[in-house]
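Worksheet: one structure, shown below.
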Amino acid sequence: MFPIPLGWLKKTLLLSVAISATAYVAPVQAAHSVDESLLSAMTLEPDSLQAKKKKSVLYLGGGDRSPWFHLGALYALEEYKIPVDSIVTTSWGAWMGALWSLGVSIDDIQRLMLDANIADYLGVNSINAKTEHDAFSLPISVDGIPSIRQRFSLYADSAGHVHRSMHALVPDSASIERSLSRLRFEESLYRQRGSFRIPFTLLTCDSVIENPSYADIVSSLPIAGNENSGELCPYLALPLSKNPQEASLIVVADPIRYELDGSAESRTIKKNNLSQLVDQGIFIRAHSIRDTSRKALIQAGFAAVEHSLREIIPVVDGRREYADKQKSEAWFEFNPVFDSLSAEFHSSVLSYWNPKDTGFVAPKNFAYAIASKVPYDTVSFNMQPDGGLLIDVGVHPTLDVAVGGFGSNIIGANAYGEATLNYVNQMEINLKLAGFYGTSSYGFRPRLEVTNLISRRWTFGFGYDMMKLRFLKAFENDYVPTQNRFEYEKRNDLFLSAKYALDEMQSIEVKFLFGSREFELNPVAIPVHDFFDDVFVNTSHNYETNPMMQSVRYSLLNGDGNPWFASRGFAANASIGLNLIGTGFHQRGPIYGIYTLDGKYSCSPARYASVTFGAAMGFDGYRDGHFKFPQTFDNIAMEDRYRLHVAATPWSEDYLDPELATHGYAMLRLNGGIERYGFGVWFSFAYVHDFEDKATATLNSNKFVFEPALRYKYRSFTIYAGLNRIVDTESFSDVKDFKNYRYFIRIGDYDLF
């Protein structure tokens with residue numbers, strides 16, 4: 001055995017760059033003429049030649065180019081009917097040699113090698129491969145309020161010491177792909193029926209295993225999780241000493257000249273090791289390999305056998321037909337086994353396995369689905385001899401601590417803090433304690449979410465809002481009509497919800513709200529006593545309401561769920577609800593219904609560009625002999641506060657514009673933009689028809705909203721800034737008057753209204 005420094009293994013990571021062709025390569029035909037007397041000698045077997053015949057042993061080692069070079073060599077051995085009486089392998093040669101010795105055809109082996117879950121890892125030493133991301137270099141929250149986030153779990157050892165373990169903020173897709181790749185290598189062996197047709201020996205760093213198990217073979221591969229890979233020692237499968245009773249066919253993937261990669265140290269070690277073994281057998285080795293594409297490597301392996309035929313044929317024992325090959329067929333359905341999990345995790349983890357998925361899609365969908373949830377971190381698969389798929393998932397209670405901020409020129413700057421606990425015990429529990437404090441507002445917003453209580457399809461939510469919201473005076477004075485100005489709004493709202501997923505795209509959600517709210521109006525918004533008409537008008541500055549709302553919402557989503565900045569897919573939402581606005585214990589308004597419907601379609605007509613088309617409508621009211629709009633207050637500001645608010649553009653969600661407050665509307669909207677590396681230029685347009693003839697509206701029933709804006713997004717950190725203008729059919733020409741546009745800037749995606 002000849003050990004090699006670990007630094008040598010780094011070069012194998014370059015294979016994914018060097019390999020470009022992924023199409024199936026047809027069996028390579030002989031590229032050189034061979035003396036027919038050599039081939040006929042194997043059949044005629046005169047006495048003088050027969051005395052030299054030996055049992056042949058094929059040696060297959062590892063290396064970054066070895067699998068594809070070995071494939072070409074195997075094609076040539078079958079083409080020229082060179083008998084192989086036994087195989088000795090390690091590392092990648094173990095997988096290739098095992099499949100061949102089990103009777104799998106060369107074409108099927110090549111198809112396996114081109115599998116999407118194998119090709120990028122085949123020939124690559126992934127033991128020391130880095131993850132796809134550095135989880136802790138820039139810990140910005142993936143979504144939600146812009147914040148710096150740390151995610152960790154706490155656990156105690158046997159001595160009672162408490163330790164903290166850091167966790168990544170995004171799923172490590174590189175680790176998942178390596179785990180799936182390992183499963184694919186295992187599955188490719190376990191799918192075979194029968195035992196080795198050719199005696200098979202596996203070399204490891206510390207042992208020689210005859211007739212190894214499939215688990216032994218996979219453990220020899222230089223993939224993540226293998227601490228004793230055959231790629232470490234030795235890096236090539238070579239005979240320990242010359243055996244005069246055998247013909248050693250030693251397949252070496254590294255060329256004699258023109259080494260393309262690797263350090264000078266590794267090249268020297270290989271040269272010295274091989275130079276000591278030149279008389280140990282027949283070396284099947286290319287003189288030079290300048291093209292490292294898959295097809296070229298296969299051809300090089302084939303040609304290397306051809307060049308060695310003059311040495312091989314006189315010493316091997318006869319000829320052999322390789323026609324009796326079996327077809328390698330993938331598993332139709334995996335049988336998941338979760339015996340390695342604790343009882344408190346079993347049902348939750350099992351819920352992520354979709355029994356409708358078949359083939360390799362099932363473990364792949366499972367891995368990505370469960371890795372996207374916070375309490376779960378690592379996922380591993382192991383095939384069992386009976387065909388079961390043993391699944392192990394790392395489950396740890398995790399704590400998220402986040403600090404950040406958000407705001408706009410409407411509500412000012414706000415500092416934000418959050419602590420979230422994710423816990424699994426028969427169900428998944430997410431408890432979030434979040435709050436903000438700013439220049440004009442503050443809030444405390446705890447949330448509790450429970451999933452997998454009944455099945456993965458159910459999600460139950462509980463929430464509470466204790467907030468005080470106030471617009472900035474500068475914004476209110478510039479953009480808010482006098483009769484709509486508030487000093488502040490206080491909330492003490494309790495939320496309850498239950499959501500059921502019909503399938504991957506559809507869901508139904510039931511929501512309940514029990515609120516207690518207090519409003520203080522700006523003195524300029526208080527109507528006064530009209531002495532001329534002798535009409536008494538309530539001049540109170542304060543209003544207290546107790547809204548109770550119940551709603552049922554249906555959602556359909558396929559693709560990107562972002563309502564404004566999606567690049568593909570479609571969505572539809574429909575809701576129906578009942579609302580009761582109480583202005584005191586004995587003062588209850590009528591119970592009225594709220595009905596909304598909206599849909600959108602997003603596409604990407606060009607690279608980096610996206611367009612979204614949408615339509616929506618909504619109305620509220622009740623029947624009292626005939627359909628009526630609800631009127632609970634004697635104040636314009638309060639009436640507008642409880643009207644429906646039309647979400648015409650992205651900024652319209654941040655500011656409750658009285659021109660977009662109505663009891664009934666229909667809307668068409670279009671928005672699109674060009675975005676690259678997080679930077680984008682966007683334009684939003686909406687046409688809104690107002691069914692309510694509101695006396696206080698300054699625009700007529702047909703309104704047009706224009707909103708050009710700039711946007712930058714990196715994870716949760718977003719900046720959205722631009723201009724907004726609302727006109728009607730009579731003032732449409734004012735669109736070009738940019739001096740009267742309202743400017744805005746908003747940092748973060750949030751919803752306070």
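Counting only heavy atoms of the protein chains, get the accessible area per residue of the stretch 50-120 (1.4 Å probe) and round it to a whole Å² value. Show your work: numbers first, answer last.
Numbers: 1390 Å² over 71 residues.
The answer is 20 Å² per residue.
Over the alpha-carbon set of the stretch 397-444, work out the extent along each principal axis and list the three values in angstrom, largest first.
Over the stretch 397-444, Cα extents along the principal axes are 45, 14, 12 Å.
Add +1 for every Lys or Arg and -1 for every Asp or Glu among the other residues with Cβ under 12 Å from the Cβ of F200, and state the total. Please list the in-between numbers first.
Values: positive: R197; negative: D85, E210, D216.
Around F200, the charge tally is -2.
Heavy atoms only, probe 1.4 Å: what % of the accessible area of the chain goes to carbon and sulfur, would you let me know? Intermediate results must be reported in sequence, preceding the final value.
Numbers: 19800 of 35040 Å².
So the carbon and sulfur contribution to the accessible surface is 57 percent.
Strictly greater than 28 Å: what percent of every Cα pair in the stretch 96-233 meets that? Show your work: numbers first, answer last.
On the way: 3615 of 9453 pairs.
When every Cα pair of the stretch 96-233 is considered, 38 percent fall beyond 28 Å.
For the chain, what does -39500 (n - 2.57) per DSSP helix run (n ≥ 4), summed and divided by total residues, give at 222 nm, in deg cm²/dmol to the nearest 500? Walk me through the intermediate numbers first.
On the way: 16 runs with 139 residues, N = 753.
That comes out to -5000 deg cm²/dmol.
Could you list the trypsin sites (Lys or Arg not before Pro) in the stretch 352-408 that lie in coil according to DSSP, counting only those with at most 14 other Cβ atoms within 10 Å of their Cβ? Walk me through the intermediate numbers first.
Numbers: sites: K356, K364, K373; in loops: K356, K373.
Answer by residue number: K356.
Given the C-alpha centroids of the stretch 543-621 and the stretch 391-446, what is the distance between them in whole angstrom?
24 Å
Could you work out the local net charge near N558, counting Lys and Arg as +1, Asp and Glu as -1, over the other residues with Cβ closer than 10 Å to its Cβ?
Numbers: positive: R568; negative: E504, D560.
Result for the local shell: -1.
Going toward the positive end of the dipole of the chain, with +1 on Lys and Arg Cβ and -1 on Asp and Glu Cβ, which of A525, S158, A721 do you reach last?
S158
Taking amide hydrogens as modeled 1.01 Å from N in the peptide plane, which residues meet the under 5 Å criterion relative to Y464, leaving out close sequence neighbours?
Amide H neighbours of Y464, under 5 Å, 5+ apart: F495.
When the scattering of the stretch 325-411 is computed by the Debye formula from its Cα atoms alone, each counted once and equally, what is log10 I(q)/I(0) at q = 0.23 Å⁻¹?
Debye intensities relative to I(0), on a log10 scale: -1.18.
Over the chain, what is the relative contact order in whole percent, taking alpha-carbon pairs under 8 Å and six or more residues apart?
Details: 1707 pairs, mean separation 77.0, N = 753.
Here the relative contact order equals 10 percent.
For every other residue with a beta carbon closer than 14 angstrom to the beta carbon of R669, add +1 if it is Lys or Arg and -1 if Asp or Glu, then tell me the sum.
On the way: positive: K600, K703; negative: D598, E653, E707.
Here the count lands on -1.
Of K511/K713; K356/K713; K373/K468; K327/K364; K54/K327, which sit over 26 Å apart, Cα to Cα?
On the way: K511/K713 31 Å; K356/K713 37 Å; K373/K468 32 Å; K327/K364 24 Å; K54/K327 31 Å.
Going by Cα-Cα distance, K511/K713; K356/K713; K373/K468; K54/K327 fall outside the 26 Å limit.
Helix 92-101 versus the longest principal axis of the chain: what angle, 0 to 90°, nearest 10, using Cα atoms?
Once rounded, one gets 70 degrees.
Starting from a Cα-only point model with no solvent, please compute log10 I(q)/I(0) by Debye for the chain at q = 0.08 1/Å.
Values, matching the q order: -0.80.
Taking the 0 to 90 degree range and rounding to the nearest ten, how far is the long axis of helix 361-371 tilted relative to the main principal axis of the chain, both from C-alpha atoms?
Long axis of 361-371 versus the principal axis of the chain: about 50 degrees.
Kirkwood Rh, Cα Rg: Rg to Rh for the stretch 341-488?
Working: Rg = 22.3 Å, Rh = 18.7 Å.
Computed over Cα atoms, the ratio is 1.19.
How large is ³J(HN,Hα), in whole Hz, for each residue of the stretch 566-578 in order, when computed from phi with the Karplus curve 6.51 cos²θ - 1.76 cosθ + 1.60 and θ = phi - 60°, using x for Gly and Pro?
Karplus values, whole Hz, x for Gly and Pro: 6, 10, 7, x, 9, 8, 8, 9, 9, 9, 9, x, 10.
Pull up all non-local amide H partners of G748: gap of 5 or more, or a different chain, and H-to-H distance under 5 Å with H placed in the peptide plane.
T718, I719, Y720
Which of the trypsin sites (Lys or Arg not before Pro) found in the stretch 633-739 are loop residues per DSSP with 10 or fewer other Cβ atoms within 10 Å of their Cβ?
Details: sites: R641, R643, R669, R676, K694, K703, R711, K713, R715, R725, K736, K739; in loops: R643, K694, R715.
Sites meeting the loop and neighbour criteria: none at all.
Which value, in debye to the nearest 20, gives the size of the charge dipole of the chain about its Cα centre, when Lys and Arg are +1 and Asp and Glu are -1 at the Cβ?
Values: 71 positive and 86 negative charges, 248 e Å.
In total the dipole reaches around 1200 debye.
In degrees from 0 to 90, rounded to the nearest 10, what is the angle of the helix 66-79 Cα long axis to the longest principal axis of the chain?
50 degrees
How much accessible surface area, in Å² rounded to 10, belongs to the heavy atoms of R184 with a 1.4 Å probe?
Approximately 30 Å² of R184 is accessible to the 1.4 Å probe.
Ignoring the sites themselves, what is the longest stretch of the chain with no GluC sites (Glu not before Pro) in a DSSP loop and at most 13 other beta-carbon atoms within 10 Å?
Values: sites that count: E227, E321, E329, E333, E504, E730.
The longest such stretch corresponds to 1-226.
G63's amide H: which non-local residues (gap 5+, or another chain) put their own amide H closer than 5 Å, with H modeled 1.01 Å from N in plane and none for Pro or chain starts?
W92
Find which of L350, S340, P363 sits farthest along the positive direction of the dipole of the stretch 300-367, computed with +1 on the beta-carbon of Lys and Arg, -1 on that of Asp and Glu, about the Cα centre.
The one lying farthest along the dipole's positive direction is P363.
Apply the Karplus parameterisation 6.51 cos²θ - 1.76 cosθ + 1.60, with θ equal to phi minus 60°, to every residue of the stretch 419-428 and state each ³J(HN,Hα) to the nearest whole Hz, in sequence, with x for glycine and proline.
With coefficients 6.51, -1.76 and 1.60, one gets 10, 10, 10, 10, 9, 10, 7, 6, 8, 9 Hz.
Over the stretch 273-399, give the accessible area per residue in Å² for a 1.4 Å probe, as an integer. Provide the component values of the computation, followed by the final result.
Details: 6000 Å² over 127 residues.
Heavy-atom accessible area per residue stands at 47 Å².
Could you tell me the distance between the Cα centroids of the stretch 144-163 and the stretch 720-751, to the nearest Å?
45 Å
The values are calculated or read from the model by the stated rules, or taken from the named source; none is laboratory data. All values derive from a computational prediction rather than experimental measurement. For neighbour counting, all protein chains shown are included, and Cβ atoms are generated from backbone atoms with ideal geometry for every residue, glycine included. Note: areas computed on protein heavy atoms with side chains; ligands, DNA, RNA excluded. Shrake-Rupley method; radii C 1.70, N 1.55, O 1.52, S 1.80 Å.
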